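The values are calculated or read from the model by the stated rules, or taken from the named source; none is laboratory data. Since the model is a prediction, treat every value here as computed from it, not as a measurement. Note that we place each Cβ from the backbone using ideal geometry, even for glycine, and neighbour counts take in every protein chain shown.
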């Protein structure tokens, strides 16, 4: 912004002045110097949602003040981009809007608060015969949300969580004798052992 000054004998009396802004002189109403002083010295810096942040840079500063001053005294709604300067929406950009702007001067936009990361719910894997034969289930640590994971005519037993909680190892007789299987969270299975003897009671290491 190129702001060289204002050159009018009515400065500080609520008259008019010329502002050199963006390479051109603009004749606009002058805000009384007492009110201007209140903008620079009396407003506290605080976080807020910024109605007076006209340039959308996250704070209400001098650039916003000069933008507001250029439209002071004009009627709101003559051009759509002027409506934002009519802060109290009374149809004209006047001293009521200026004092509202003065309250906002120096404020900064409140930073957005990130959403808290959900805490994973502890779950328990277990076997149950409630549906006619042993199947693998999971439930929350308080006993809620009990869900059946396997569905096979043969027994599925001894479930064990992987360290990253993404898989469950268990043994099953679905292929004729007890073998070790792993199950992904989406229910897909992988057979890990294959011999004529029973393999059962899997347990994951910590790493």
Here the residues within region 123-159 that are within 32 Å of the chain's Cα centre (by Cα) and surrounded by 10 or more Cβ atoms within 10 Å (Cβ to Cβ) are 123, 139, 140, 145
Self-check item: Test result for residue 182, closer than 16 Å to residue 126 by Cα and outside the structural domain of residue 129 (by TED's automatic domain parsing)
Solution: no
